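The values are calculated or read from the model by the stated rules, or taken from the named source; none is laboratory data. Owing to the predicted nature of the structure, the values given are computational and were not obtained by experimental measurement. As a convention, Cβ positions derive from the backbone with ideal geometry for all residues, glycine included, and neighbour counts pool all protein chains shown.
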């Protein structure tokens, strides 16, 4: 505001904006050369209006704009020809396009282009300084999403904060070895739970829109329960689960984390649109997470040791194998865990 009324302050305010605010890629590149949309079958991409960019123009662009960006939103996809122009300009310097980049936003819903366009775009802007990435739901599926994720992590191996939409059968968890904070929307099942448990530094796990175990094709959920191997989230301290509707958190936790041990879990946050019976959740978490001290339901905090019946002073359980908790299956083949 001060920069709008005091002209001498304008350069300082602009400098602060470029260093501290989320900047769209189109805004940055427009400082390098005229920018316009072109039709690249079958979709629309963007292209530079000139190709003869001089070294002086490039140096000015790096010093005054690209070199200051810390948060970048990829809001455009370049044509292959324009992308090659940038790659040829960056290559002689041996450094990244955005040397101070800290956070990257990848939102494939900006266009209907597939992984063949998004993969090289993310690889072009990713750099070793990157620590946080957000990849939203879009038109990327399966292998295309895998390619984009691995392209980013190949250039930025030290990312520790990830928010991502995971499609089905996405093996990208293998790239998250340094991740401490992981937020996931989309597909999540027992295999996903095991993959997250294998992450050696994971401290915080957030699941957006807890899926219904039947909606996601778990037709063989009773068989899966018998075959699911025990997993341990050795470093996890915080678990958050958000639900868009239906109040599915309770059965989701019991199903997915049935055989999971989370020894360091201290806080669990549940956000849902209807009342949830916490009895069953407390029973499981108290046995799997002895350090649990906070359960927050829709922002209402409950603190203190989580106690349950059947656990003595020494922590001995009356049914170690959990046999007394096995549910009765009704005539329709659904267990009592799903009657919420």
Review point. Of all residues in the stretch 171-191, which are touching a strand residue (DSSP E or B) at 6+ places or on another chain (Cβ under 8 Å), over 23 Å from residue 102 (Cβ atoms) and without any contact (Cβ under 8 Å) to a residue 40 or more places away in the chain?
Key: 187
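Given the criterion outside any loop (DSSP other than H, G, I, E, B), modelled with pLDDT of 90 or more and either farther than 26 Å from residue 179 by Cα or in contact with a helix residue (DSSP H, G or I) (Cβ under 9 Å, 6 or more places away or on another chain) (or both), identify the matching residue among 97, 72, 89.
On the way: 97 fails: outside any loop (DSSP other than H, G, I, E, B); 89 fails: modelled with pLDDT of 90 or more.
72 is the lone residue from the list that is outside any loop (DSSP other than H, G, I, E, B), modelled with pLDDT of 90 or more and either farther than 26 Å from residue 179 by Cα or in contact with a helix residue (DSSP H, G or I) (Cβ under 9 Å, 6 or more places away or on another chain) (or both).
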Point to revise | Verdict on residue 163 being under 13 Å from the mean Cα position of the chain (by Cα), surrounded by fewer than 20 Cβ atoms within 10 Å (Cβ to Cβ), in contact (Cβ under 8 Å) with a residue 12 or more places away in the chain and not in a helix (DSSP H, G or I) | key: yes
Point to revise | Some residue of the stretch 47-63 being at pLDDT below 80, assigned to a strand (DSSP E or B) and surrounded by fewer than 12 Cβ atoms within 10 Å (Cβ to Cβ) | key: no
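Confirm whether residue 156 is within 26 Å of residue 187 (Cα to Cα), buried (at least 19 other Cβ atoms within 10 Å of the Cβ) and out of contact with any helix residue (DSSP H, G or I) (no Cβ under 8 Å at 6 or more places or on another chain). Full working, then the answer.
Numbers: within 26 Å of residue 187 (Cα to Cα): yes; buried (at least 19 other Cβ atoms within 10 Å of the Cβ): yes; out of contact with any helix residue (DSSP H, G or I) (no Cβ under 8 Å at 6 or more places or on another chain): yes.
Yes.
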Exercise for review: Determine if the stretch 1-17 includes at least one residue that is crowded, with 16+ Cβ neighbours inside 10 Å and either touching a helix residue (DSSP H, G or I) at 6+ places or on another chain (Cβ under 7 Å) or modelled with pLDDT of 80 or more (or both).
Suggested key: no
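Let's see how each residue does on (1) under 17 Å from the mean Cα position of the chain (by Cα); (2) modelled with pLDDT under 90; (3) in a helix (DSSP H, G or I):
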{"position": "101", "(1), (2), (3)": "no, no, no"}
{"position": "116", "(1), (2), (3)": "no, yes, yes"}
{"position": "124", "(1), (2), (3)": "no, no, yes"}
{"position": "147", "(1), (2), (3)": "yes, yes, yes"}
